[in-house]
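First comes the structure, then the notes that go with it.
Only the coordinates and a few stated rules stand behind these numbers; no lab work does. Predicted model only: the values in this text are computed from it and were never measured.
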Amino acid sequence: MEITKRNLVDLINNMGDNIDKLKVKLIKQARVIEDLKFQNEKLKQSNNDIFAQIKKYIEELEQIRRHHVNSNNNISGEKI
């Protein structure tokens, strides 16, 4: 098969088109990655907020339990 100047020009043009398509694809992927990074940070913050709330609720429950135990100890220690 004879390689002509036209074949080389077509090959170079095809390569240029493919490179342009890859650039567009990479730009879209970069945008998706940035969006996912942002969403990930929001989720991390949300999780931290939820964990802080859970910790607070556990502390409150522990205070209620201690109060209940102390109240029961005081009642059972009294003589009727």
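In table form, for the structure just shown:
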read-out: Within a Gaussian network of the chain (alpha carbon springs, distance under 10 Å), most fluctuating of Ile58, Ile12, Ile50; value: Ile12
read-out: The chain: radius of gyration over Cα atoms, expressed as a fraction of 2.2 N^0.38 Å; value: 2.94
read-out: Residue-span extension gain [Asp20 to Gln45] - 0.36 nm each, minus C-alpha spacing; value: 5.2 nm
read-out: Rounded tilt (10° steps) of 5-77 against the dominant C-alpha axis of the chain; value: 0
read-out: Long-range lysine pairs (8 or more apart or interchain), the chain, Cα under 26 Å; value: 12
read-out: Per-residue [θ]222 nm for the chain (sum of -39500 (n - 2.57) over DSSP H runs n ≥ 4, rounded to 500); value: -35000 deg cm²/dmol
read-out: Selected from Gln63, Gln39, Gln53 as most flexible by GNM, with the chain as the system and alpha-carbon contacts under 10 Å; value: Gln63
